[in-house]
Structure formats: structure tokens, C-alpha cells
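I have placed the structure first, in the form of C-alpha cells, so that the comments after it can refer back to it.
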Amino acid sequence: MSTELSQNSAGNRVRTIADYQFGKGAGEALFPEECTFKLSTTKRIRYVMLDGVRIATVRAHDGRFTLSIEGAERLWRYLPAPTYRVSVAEEVAEFIMKGKNAMAKHIITADPGIMAGDEVLVVTGEDQLIGTGNALLSGDEMMAFNYGGAVQVRSGRLI
């Protein structure tokens with residue numbers, strides 16, 4: 001019996017993780033059949049690629065995804081607003097697009113279902129995707145606090 005992951009098995013695995021992390025159906029939206037996988041030295045899925053571009057990375061410590069801006073865009077197109085979205089003030093959008101962190105005082109709205117540690121989509125008030133990153137606070141905390149970091153932005157997107 002082979003110890004290598006089959007393409008079909010790996011695809012099913014990443015779609016199941018995405019459904020768990022982002023909600024039912026997110027796996028199909030994020031990872032079409034054409035996805036390829038790069039494995040770690042321990043033969044676990046590390047990167048999910050589509051047409052040679054990384055869409056997501058599997059975090060080793062918890063098995064959840066971090067998204068590239070391409071992966072975030074696929075998820076943004078699939079998920080209805082305000083799901084997993086953090087809206088920021090227009091005056092800081094340019095900084096977010098350059099990969100700077102989103103501070104709590106600049107948050108306009110945040111999905112109340114967001115928990116600290118979740119992968120989130122950073123958007124403008126008009127729901128234009130400008131970045132993706134890791135929530136440092138829950139959605140409710142982002143709305144309640146006037147200071148400190150709210151989202152550690154991993155990558156920004158020029159619009």
C-alpha cells in the first residue's frame with residue numbers, strides 16, 4: 001500500500017478542512033479539482049496550489065488554513081458579506097493593501113462570529129477585498145476596543 005497521498009484524497013482532505021474552518025461549501029469554492037499539493041518532509045499537506053500559485057498553507061500547529069491573497073479572493077467571492085469580514089476605514093485602506101496591520105480604532109464593522117485566531121478577510125466599507133490575515137481579537141472585541149491591533153495582516157491586495 002502506498003504511503004503517498006493521492007490527488008483525490010488530498011483534495012477531499014483540504015475541502016473538508018475548509019468546510020470546517022469557513023463553513024459548508026467553502027472547500028469547493030476554494031479548492032477546485034485542478035489544485036495540486038506540496039507536501040512537507042513528513043508527507044503532510046503543506047501548500048495548496050492552483051495553476052502554480054499558492055492558495056493556502058496548512059498551519060502545522062493546528063491544521064487550519066492561512067490564505068494567500070489569491071485564496072482570500074476566492075473565499076471573498078464565495079462567502080456572503082459580512083461572513084469572516086473585517087471592514088476598515090477608508091483612510092487606512094492604502095496601508096492595509098501594503099500589508100500593514102489593522103488597528104481596532106480603524107474597524108468599521110466586523111463579523112460577530114469571528115474569534116481571535118481566525119483567518120479573516122479585510123475589506124473596505126464597500127466590501128472591496130484589500131487584505132487577509134489573522135484576527136487578534138474577536139469580532140465583538142474589534143468593535144468594542146479603541147486601541148491595539150485587531151488583524152495581523154499577512155498580505156494586502158491593490159484594488
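The values are calculated or read from the model by the stated rules, or taken from the named source; none is laboratory data. A quick note: this is a predicted structure, and the numbers were derived from the prediction, not measured. Every residue, glycine among them, receives a Cβ derived from its backbone with ideal geometry; neighbour counts consider all protein chains shown. Heavy atoms of the whole protein, side chains included, go into the accessibility calculation; ligands, DNA and RNA do not. Shrake-Rupley method; radii C 1.70, N 1.55, O 1.52, S 1.80 Å.
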Discussion item. So, Glu33, is that one modelled with pLDDT under 95 and of a type outside the set (S, T, N, Q) or not?
Written reply: yes
Discussion item. Quick check on Tyr78: is it surrounded by fewer than 18 Cβ atoms within 10 Å (Cβ to Cβ), more than 23 Å from Met142 (Cβ to Cβ) and aromatic (Phe, Trp, Tyr)?
Written reply: no
Discussion item. Just to check your reading of the model, which residue among Gly11, Gly63 is surrounded by fewer than 18 Cβ atoms within 10 Å (Cβ to Cβ), of a type in the set (Gly, Ala, Ser) and at pLDDT below 95?
Written reply: Gly63
Response to the item:
Among helices (runs of 4 or more DSSP H) entirely within the stretch 67-159, at least 2 residues that are touching a Leu at 6+ places or on another chain (Cβ under 8 Å) and of a type outside the set (A, V, I, L, M) occur in 69-78
Response to the item:
Considering the stretch 84-110, residues that are of a type in the set (Lys, Arg) and within 15 Å of Leu136 (Cα to Cα), and then whichever is most open to solvent (accessible area, probe 1.4 Å), we arrive at Lys105
Practice prompt. State yes or no: is Val122 β-branched (Val, Ile, Thr) and in contact (Cβ under 8 Å) with a residue 40 or more places away in the chain?
Written response: no
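Checking the conditions here, which among Gly133, Gly113 is of a type in the set (Gly, Ala, Ser), buried (at least 24 other Cβ atoms within 10 Å of the Cβ) and at pLDDT 95 or above?
Gly133
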